[in-house]
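Structure first, commentary second.
None of the figures in this text is laboratory data; all of them are computed from the coordinates on show. Note that the coordinates shown come from a computational prediction; the quantities given were computed from them, not determined experimentally. Every residue, glycine as well, gets a Cβ built from its backbone with ideal geometry; the counts of neighbours run over all protein chains shown.
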Amino acid sequence: MTPTHPPGRVAIPALPKQSPTPPSRTRLEGFNSASPPEAHHTLLTCLNSLRWARRIAAHRPYPDLDSLLAAADEAAYDLTAGDLTEALAGESLPPLPDDVYGAAHTALSAAHAAYETRFGHAFVIYVGDAPANETLDRTLEAIRSRLTNDPEEERVVAAEQLRRLARGRLMGMLRGAGNRAT
C-alpha cells in the first residue's frame, strides 16, 4: 500500500544520517591553551592584579567554567592590601548610558571625586545585574552610602565589588563556554 498525500503536497524524504561534527574549540579551551602572556593579558582585562592573573593562569587547564570561576573567586578573596591597591588603580567608573543628561554626569563626577578624596582610589561597583536605565541611580546611591564607611570597611566592600566585577568580566569573556555564561 502506498501512502497517500493531500493534493499538492509532496512527501519529504528523511534526511540521511549525518555523522556528528566535532565540537568546535570553545572559548574556555582557547583560554586553557593560550600562551602564558596571552592568558595573563586576558585575565588582567578582568581584574588588574598581577598576582590574581598569575594564580589563575597557573592552574590551567580548567575542566569547565564553574571551576574557572571558583578559582577566580578564591584568588580574589586572597588579594593582599597591595594587590587590592593595584587592582583598584586599574578601575574607573562604570559607563553610563548614552542618553544620560549632563546634570547626571556632573552629579556622578562630584560624588566620585568625594569618594576618591575620602578613600584614595576609584569607586568600584558591580552593576552587571542592573537594567541599563538603573545604572546611574544604583551607582550614585552606592557612592553616597559607601561614603559613610570607614576606610577599612570600605576596602572590604571594594574588594567584594572587584571580585564580582572580575567574575562578570570572565563570564562575558568566555560567553558560550558553559551554561552559566550563555
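Multiplying the residue separation of SER92 and THR26 by 0.36 nm and subtracting their alpha-carbon distance yields 20.7 nm. The THR117 and HIS41 beta-carbon pair, evaluated with R₀ = 30 Å, returns a calculated FRET efficiency of approximately 0.40.
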